[in-house]
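Each remark here refers to the structure printed beneath this line.
The values are calculated or read from the model by the stated rules, or taken from the named source; none is laboratory data. Keep in mind that this is a model prediction, so the values were computed, not measured. All Cβ positions, glycine included, derive from the backbone under ideal geometry; neighbour counts span all protein chains shown. Quick note on the areas: whole protein, heavy atoms, side chains included, nothing else; ligands and nucleic acids left out. Shrake-Rupley method; radii C 1.70, N 1.55, O 1.52, S 1.80 Å.
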Amino acid sequence: MRQINPFIISSEYISQEYFCDRAFETKVLVDNILNGRNSVLISIRRMGKSGLINHCFNQKVISDNFNAFFIDLYSTSSLSEMVTLMGREIVDSLKGKGEKMLERFVSTVKSLVTGITIDPVTGQPALNISIGNIQQPEQTLQEIFEYLEKSGKPCVVAIDEFQQASEYPEGNIIALLRTHVQKCKQTQFIFAGSKRRMMDNLFNNPSEPFYMSCANLFLEAIDRDEYFKFAAAHFNKAGKSISEECFYRMYDALEGHTWFIQRLLNEMYATMGEDETADINCLNAAMQHILKLDKRSYEETLQRLSSPQKQLLIAIAKEIKAKEITSSGFVHRHGLKSASSVQNAANALYENDMITREGDEYFVTNRFLGFWLKERYGIGFRF
């Protein structure tokens, strides 16, 4: 049997064995669910929100006692799309749970009944419906919430990239969702998001419907030493090893940013044989290989940007962490047009998730793109 690469980079949750640490965050979320508290979970993208949520869902106390649903709103742009996604997730989760569960859904969410089909071979249900088929999305949303409350078990619903709903053209979606959520007695919610300012505003602004309605949790980087122990154990299990210098150099350069560390660990693990040790040379070789593979997509990304956006992105990448980007010093240092041009470009880059702002610092959201830009337009990049 093929041995699995233990450094998972897909969004799929495998098992506890391949999940690193997060003991404190797991306990907080599980305790919130068990004690009737809704949660708001905030972190930058690719720090591990979805993995943590699915890890919580796989805790025995949750999986045995709750129906759990994970909804990712990242690619949605309207209430109809959100409702369709929720319907599909619920129907998919009913597979293998018996006809009674499906009957309960059908009897409650009547507006989606015509889209539910049964596979003649497997006998499993599926929701085959397009966005245009949702005639009254607010009614369908109400029916879905009604189903959650009488599904036969308490439910926990995680809505990832929740801030996306605040930008739907309908304009009243956050208030509408709050109305439904506050009526729920048998359903707990985890609202997760990667745009910190937007999420902070939605849940901590007194003028917003969700103000003080959830327990807050900000997802920081995995502890440096715990992460090394996790990585070293998996290398050792395969008869390989990784040096402390290699791991800590990588961790510090990426500031513990989970997915990017996982990608490099995955690459080094895959290319090493038994009795070999991942060192700095191995790390740099892995990084160069990844940048070579992704070069075309990075070039296409730059082509889609306006000239001011491209110049600002390169400037931020050169500094890795950039401060006071509208100051005369930053503008002159990087040959940018003006402070107002920089501000407009920054707003566009932030809106399109190209840059992330943490406090007074900006960095390229895709860390590897940032390294590639630094290497191509700066003084090179090496760990």
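Compared with the dominant principal axis of the Cα atoms in the chain, helix 99-108 is inclined by about 80°.
Which links in Lys27/Lys153; Lys60/Lys183; Lys95/Lys183; Lys240/Lys310; Lys195/Lys310; Lys27/Lys195 stretch past 31 Å when you go from one Cα to the other? It would help to have the intermediate numbers written out before the result.
Working: Lys27/Lys153 21 Å; Lys60/Lys183 27 Å; Lys95/Lys183 27 Å; Lys240/Lys310 41 Å; Lys195/Lys310 21 Å; Lys27/Lys195 24 Å.
Long pairs (Cα-Cα over 31 Å): Lys240/Lys310.
Kindly express, to the nearest 10 degrees and within the range 0 to 90, the angle between helix 367-377's C-alpha long axis and the longest C-alpha principal axis of the chain. Its long axis makes an angle of about 30 degrees.
Looking at the stretch 301-353, the GluC sites (Glu not before Pro) that sit in a DSSP loop and have at most 16 other Cβ atoms within 10 Å of their own Cβ are Glu324.
Leaving ligands, DNA and RNA out of it, rank Met354, Met82 by accessible area with a 1.4 Å probe, largest first. Write out the running numbers ahead of the final one.
Working: Met354 35, Met82 0 Å².
Correct descending sequence by accessible area is Met354, Met82.
Using +1 at the Cβ of each Lys and Arg and -1 at the Cβ of each Asp and Glu in the chain, identify which of Val109, Thr277, Gly380 lies farthest towards the dipole's positive end. Value: Gly380. Assuming charge only on the beta carbon of Lys and Arg (+1) and of Asp and Glu (-1), the dipole of the chain about its Cα centre is about 360 debye to the nearest 20. When all protein chains stay in place and ligands, DNA and RNA are ignored, the 1.4 Å accessible-area order of Leu305, Leu29, largest first, is Leu305, Leu29.
Can you give the accessible area per residue of the chain, in Å², using a 1.4 Å probe?
Details: 18200 Å² over 383 residues.
Normalised by residue count, the accessible surface of the chain is 48 Å².
Split the accessible area of the chain by element, probe 1.4 Å, and carbon with sulfur accounts for 47%.
Calculated from the alpha-carbon coordinates, the stretch 24-165 shows an Rg and a Dmax of 15.5, 45 Å respectively. With both residues required to sit in the chain, DSSP beta bridges show an antiparallel share near 30%. For Cα extents along the principal axes in Å, the candidate list reads [x] 64, 56, 40; [y] 85, 49, 40; [z] 73, 49, 37; the entry that matches the value derived from this model is [x]. In the complete set of protein chains, residue-level accessible area for Lys153 is approximately 80 Å², probe 1.4 angstrom. Reducing the stretch 301-347 and the stretch 225-286 to their Cα centroids gives an inter-centroid distance of 33 Å.
What FRET efficiency, computed as 1/(1 + (r/R0)^6) with R0 = 25 Å and r the Cβ-Cβ distance, is obtained for Glu138 and Met198, rounded to the nearest 0.05? Please list the in-between numbers first.
Numbers: r = 23 Å, r/R0 = 0.91.
The calculated FRET efficiency here is 0.65.
In this simple spin-label model, placing a label point 7 Å from the Cα along the Cα-to-Cβ direction at both Ala348 and Lys97 gives a separation of 4.5 nm. Evaluated at q = 0.10, 0.16, 0.18 Å⁻¹, a Debye calculation over the C-alpha positions of the stretch 253-338 (equal weights, vacuum) places log10 I(q)/I(0) at -0.39, -0.81, -0.92. Among Ile325, Ile42, Ile159, the largest mean-square fluctuation in a Gaussian network model of the chain (Cα springs under 10 Å) belongs to Ile325.
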